[in-house]
Every structure is written in structure tokens, then in C-alpha cells.
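Peer 1: Take a look at this one; I'll ask things after.
Every number in this text was worked out from the coordinates using simple rules, so none of it is lab data. Since we're looking at a predicted model, the values are computed, not measured. Ideal geometry is used to build each Cβ from the backbone, glycine not excepted, and the neighbour counts take in all protein chains shown.
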Amino acid sequence: MSPAARLINAAGTLTRLSGAPLAPGVLEAMIAAERFAVDMVELHADAGARIAGATGAESGLVTAGASAGLLLAAAACLARDDVARMNALPRTGPLREIVVARSQRNGYDHALRTAGARLVEVGLPDPAAGAGTRDAEPWEYAAALGPRSAALLFVARPGNHDALAEVAAVARAHAVPIIVDAAAELPPAANLRRFLADGADLVVFSGGKLLGGPAGTGMLAGRRDLVASAALQCLDLDLPISEFSPPAGFIDMSRYRGLPRHGVGRAAKLGKHEIAGLMAALDHFLSVSDAQRHAHWLSVCDRIADALPEPRIRVVNRDNPDRIPLLEIDFSSPAKACEMDCRLRTLSPPVHLAKTPRAPSSLVLNPVCLRNEDIAVVRTALRAVLPRPWDT
Ligand SMILES: *Cc1c(COP(=O)(O)O)cnc(C)c1O
């Protein structure tokens, strides 16, 4: 590993800072996967069944990150069981639109457009402008759904989960599948099942965030026919159809008139090592409680806070086991916070903290990516860099 690239990530599960630490057992599972060759379709089917078991879905699929999961979810909703349409993507057939609240548009929805979807926005995010209180309403989704609608996208984040059931009911009334982007919604572990229980047809999770899997993994879970379509569009299918016999619970070949060429998702392929690693991460995630995860992260915050003088620090989410505990350090002005952020990043190794629009004069220490041995380094870095006395 290049020493020049090394840094300490106290900012959270950011992909550009190399994501979260692997859960215990993941690396071992990846090494064990090297011992022999496997049939990738059987491996995918087995992993998919385990994802289905963990989520309560009919079926599941390991994807190359949540972003690839969105691409495949869109590809499945655009092409359904039609192999010719799979081959044509990103050129779409009659189903070409994905409806989404304007307030939920974000950089990751490029993955849906990559599969060929045209995004149709509904609602007005009045609260963002401070100009009102309404966002996208159920009737607005209903008005936008029609014969060209391939799917509806709902981007889950803490605070909007309760809205899903109502939107899902609109989608169901129009027989249009609803895709939930829940990439960053784990933990709490209950969210593995929650969105599907609330009516999602497909849900996407990142494997490289707090699930603790390899950074390039994710999970797609949901309706069997849609997951099968997604699988057909990402598997390597360079073989005659007579030699392709996937488990029927994973891909029921009686639904298709042929095999697609490599699908639009083949550009986001997975190796056996990543799949094995993600399965170990999922097992570990299910074996640890939300309370245990929270207690561990809280102890990291407390061990760092102990080294810093009061009163400019506070631990957020101390009593909320569903949210990550964070250490907020107040520098009294946004300019001072920026200056301290820069100084921490010029240390060797650089220390990255996060900023939050909620408290622009503060830096936020997120404990989830810190290794045990990082804690002492962060304590020393903060003590060296923080202004003294604390009331300047
Ligand atoms: C992180 C994130 C993604 C992308 O997840 P990857 O696993 O990095 O591809 C997609 N959507 C949302 C909302 C995210 O937070």
C-alpha cells in the first residue's frame, strides 16, 4: 500500500477515503475463496438466497456496490423478462421512465440513467427553499405514472422512512415497481426488512458502508422476477443456452426465450472473493446487535473526548441506538473550523474529520472507520492542533 495515500478517516464511510473497515471474518472468507474455482452462477444463487433470507425478500443478488445495484434495478424494471429489450439497453422500449421526487434527485441516480431510464421528477421541495412545507405528494406520483413508467424511485434516509408505505401504495395501484435506494440505511439491522415490508419491490444496500463488506459490493433484494432479470443482465453469459441451468428459484429460464448477450450490468462484474467477503460481512452484521455497535462507537468517541478539554465538545446521538454517535467539536466560527480542518489534513498521516451544515462552526468526528490503533493518533493530533486556550 502506498504510504503517500495513507490517512486517518474520522469522517465516516466515504468511498473517496476508502470506505469502512472490513468486518471480522471478511478477509479470511476472501482468502478462503481463493482455494478453488467455482461456478459463478451457483455462487450468485447461493448468495442471493442468503440475502433473501436476511431481508425477507423473494430473491437477492450481490452487486458491485449500491450504485451498480441501482443500475441493475433500473435495467430489470426497464427490460423485465424481455431478452431483446435486455440486449437493447440503454436504448429503451415502451417502458422508459422512472418517477422520482425532485427533492430526492442525487448524484447516484446517474446509475438509473446509465441503464437507459429517463427520470421524471415530481413535487417541489418547498422546505429546501424555506418557501413552504410540502414536497412530493402521493397524487403527484399518481399523476406522473403512466404507460411509459418502468419504475418509481424512493431514496430512503433517516427521517423519511414513514413516507414510503404511502408512495409504495400508489406504485402498487398503478402496477409499477418501486425501487428503494437504502444504500446507507444500515444499521439499524431492522432496515434490512423494513423497506420491503413497507411495499418496496426492490431495495438496494451498500455492502461497503456499515455492513463491513468489501468496498466494491452491494445487495439487491426483492421480487423474484425482477432480481432474475437483474441477474441475467450482470452475469457473464458467454455460453450456449443448453449449458445454462441456474437454480430455478434464482432464475426461472422458462420465462425467457433466450439468453441475453452480456447485459448492461456486465460492466459492473463481481469476483468470487467479493461475494464471499460480503456474505461473511452479512453474517457478522446479523450476529451483532445495534446496541453493541452503538456502544462500541460511543466508547471510541468517549476515549477521544476524554483527551480534549470541555466545553467545546459534545457527543451527539449518545442515547439513540439507531443513529451513529458523533463527537462534535465547536470552533466558534466557520472560518476557524475550516482552518483546523486544513491543519488536521496536513499532518502525517492526515486526519480527516467531517463537516455538517447543521453546525458550520464545528468539525464532526465520526468513529465508524477508526481502527483501534487510530484512536491514540487522533487524540494526539487533536491536542496538537486545537487552539489553546479553548475560549479563543
Ligand atoms: C453511498 C450511497 C450510494 C452508493 O453506494 P456504493 O455502494 O458506494 O455504490 C447510493 N445511494 C446512496 C443514497 C448512498 O448513500
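Peer 1: How do 1, 279 line up, fewest other C-beta atoms within 10 Å first?
Peer 2: 1, 279
Peer 1: Taking the Cα centroid of region 100-176 and of region 206-253, what is the distance between the two, rounded to the nearest whole Å?
Peer 2: 26 Å
Peer 1: To one decimal place, what orientation-averaged projected area in nm² is obtained for the convex hull of the Cα set of region 215-260?
Peer 2: Average of the hull's projected areas for region 215-260 equals 3.8 nm².
Peer 1: For the chain, what ratio Rg/Rh do Cα atoms give with a Kirkwood hydrodynamic radius?
Peer 2: With Rg and the Kirkwood Rh in hand, the quotient comes to 1.01.
Peer 1: How large is the dipole of region 187-235 about the Cα centre if only Lys and Arg carry +1 and Asp and Glu carry -1, each at its Cβ, rounded to the nearest 20 debye?
Peer 2: Computed charge dipole of region 187-235: roughly 120 debye.
Peer 1: Moving on. Hand me the tally of lysine pairs in the chain: alpha carbons under 28 angstrom apart, and the pair either on different chains or 8 or more positions apart.
Peer 2: 4
Peer 1: Where Rh denotes the Kirkwood radius from the mean inverse Cα pair distance, what is Rg over Rh for region 1-124?
Peer 2: Computed over Cα atoms, the ratio is 1.04.
Peer 1: Just the number: Rg to Rh for region 55-151, Cα atoms, Kirkwood Rh, two decimals.
Peer 2: Value, to two decimals: 1.03.
Peer 1: Test of understanding: in a Gaussian network model of the chain with alpha carbons linked when under 10 Å, which of 151, 291, 66 would top the mean-square fluctuation ranking?
Peer 2: Top of the fluctuation ranking is 291.
Peer 1: Which of 134, 293, 358 ends up with the largest GNM mean-square fluctuation for the chain, with Cα atoms connected below 10 Å?
Peer 2: Fluctuation is largest for 358.
Peer 1: Can you give the calculated 222 nm mean residue ellipticity of the chain, where each DSSP H run of n ≥ 4 adds -39,500 (n - 2.57) and the sum is split over every residue, rounded to the nearest 500 deg cm²/dmol?
Peer 2: -11000 deg cm²/dmol
Peer 1: Ranking 44, 294 by Cβ neighbours within 10 Å, fewest first, what do you get?
Peer 2: 294, 44
Peer 1: Right, another one. Comparing 107, 53, 208, which has the greatest mean-square fluctuation in the GNM of the chain with Cα pairs linked when under 10 Å apart?
Peer 2: Highest fluctuation of the listed residues: 107.
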